[in-house]
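Structure, as structure tokens:
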Amino acid sequence: MREICVIGGNRYFGKRLIARLIAAGDRVTVVNRGSSAPPAGTVHLIADRDDEKSLEEALGSRVFDVVVDQVCYTPRQAEIARRVFAGRTRRYVMTSTVEVYEYEDSADPVGEDAVDPRTVAVDTELPWDDQEFLEAHYGEGKRQAEAVFAAAPAFPYVAVRVAHVLGGDDDFTGRLEHYADRIRTGKPVAVPAVNHPATYIHVEEIAGFLFWTVGEDFTGPVNAASHGPLTTRELCEAIGAHLPDGRTVLEPVEVGEVSPFSFRRSYGMDNSRATRLGFRFGDARTWLPRAVAETLGKDR
């Protein structure tokens, strides 16, 4: 029986990860602030991860085989986690994001070495506690958090850089619903004049990827994305097939806000490292219709 700690993980792919761990016979400890109950079958510890003393007191003398951190957004949080869990875990898995590549613009899929966290400057004095600042600097927060875990002395961490996640009837982002509303009503979908594709991953696939990662021993950054980028038009076509009475109108705009999955730069990740390590990704075009049906099922 493995001892696994999950920080956060109460919704979306986090709860799916926990379900897989429990089904595998692992003992799962969930740490959160107590605002919502964790999945059944887990040990629940209530702590504020931003409060080092609170976290240490909640953990007591517990040690873990692996920690999966679903809610590390800033270098301050990473510093606390690194101090608290040093010597408590064999491996630390941080859920990161494709947004760490926000300054990259390559026609080819981007590999992990495009952002080496060992070279990223960390500034804990920035207003990371300000929610508006944090939302505006989401990618930078994740990038600096990775840098904290990557710094010397060596700490056994993994940073899973997650592609845009689709699917599930509990998708809380509202991004597919944005397109569905436009298609239902025939309203135009704003896209950049030059609209680039992006890589995606299904909600069940990222849960499976994190579960697989828990059982492996590699460290460092790793990209998690299904095979095959998707364009805004492909997303709209899949949604349009689900809403046959609707109409898709793409409206290119030079400036101003565009639809959620429309990008003015290339946004693809190279998943070859994970593939070489042994994970088998699905094809985004294959699972896309299912993802749309899951999220917009009420419209059938």
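The values are calculated or read from the model by the stated rules, or taken from the named source; none is laboratory data. A quick note: this is a predicted structure, and the numbers were derived from the prediction, not measured. No Cβ is skipped: glycine too gets one built from the backbone with ideal geometry, and neighbour counts run over all protein chains shown. Heavy atoms of the whole protein, side chains included, go into the accessibility calculation; ligands, DNA and RNA do not. Shrake-Rupley method; radii C 1.70, N 1.55, O 1.52, S 1.80 Å.
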At a 1.4 Å probe, what is the % contribution of carbon and sulfur to the accessible area of the stretch 86-153? 48 percent
With label points built 7 Å along Cα→Cβ from the Cα atoms of ALA114 and ALA37, find their separation and express it in nm. 4.3 nm
At 25 °C and 0.890 mPa s, the Stokes-Einstein diffusion coefficient in µm²/s for the stretch 65-129, with hydrodynamic radius from the Kirkwood sum on alpha carbon pairs, is 177 µm²/s
Percent of beta bridges antiparallel (DSSP, the chain, rounded to nearest 5): 5 percent
How far, in degrees from 0 to 90, does helix 232-242 lean away from the longest principal axis of the Cα atoms of the chain, to the nearest 10? 80 degrees
Per principal axis, descending, Cα span of the stretch 212-264 in whole Å: 48, 30, 15
For helix 138-150, what angle does its Cα long axis make with the longest principal axis of the chain, in degrees from 0 to 90 and rounded to 10? 30 degrees
Mind listing which GluC sites (Glu not before Pro) in the stretch 189-296 are in a DSSP loop and have 15 or fewer other Cβ atoms within 10 Å? GLU254, GLU257
Starting from the stretch 114-176, pick out the GluC sites (Glu not before Pro) whose DSSP state is loop and whose Cβ has at most 14 other Cβ atoms within 10 Å. GLU125
Cα-based shape type of the stretch 193-300, given that a ≥ b ≥ c are square roots of the gyration tensor eigenvalues and the cut on a/c is 1.5: oblate
Count the lysine pairs in the chain whose Cα atoms lie under 24 Å apart, taking only pairs 8 or more positions apart in sequence or on different chains. 4
Average accessible area per residue (Å²) across the chain - probe 1.4 Å, nucleic acids and ligands excluded: 45 Å²
Given the DSSP H assignment, sum -39500 (n - 2.57) over each helix run of at least 4 residues in the chain and divide by its residue total; what's the result at 222 nm in deg cm²/dmol, nearest 500? -10000 deg cm²/dmol
If the elastic network links every pair of Cα atoms under 10 Å, which of SER96, SER262, SER36 fluctuates the most in the Gaussian network model of the chain? SER36
For TRP212, TRP128, what's the largest-to-smallest order of accessible area, 1.4 Å probe? TRP212, TRP128
Tell me, how many Å apart are the Cα centres for the stretch 115-156 and for the stretch 165-243? 25 Å
In the Gaussian network model of the chain, springs joining C-alpha atoms below 10 Å, which of GLY139, GLY60, GLY111 carries the largest mean-square fluctuation? GLY60
Which values, in whole Å and largest first, are the semi-axes of the equivalent ellipsoid of the chain obtained as the square root of 5 times each eigenvalue of the Cα gyration tensor? 33, 22, 18
By what distance, in whole Å, do the Cα atoms of the stretch 76-189 stretch along each of the three principal axes, largest value first? 56, 31, 29
Rg/Rh (Cα only; Kirkwood hydrodynamic radius) as it applies to the stretch 159-206: 1.03
Taking Cα atoms, how many degrees apart are the long axis of helix 12-23 and the longest axis of the chain, rounded to 10 and kept between 0 and 90? 50 degrees
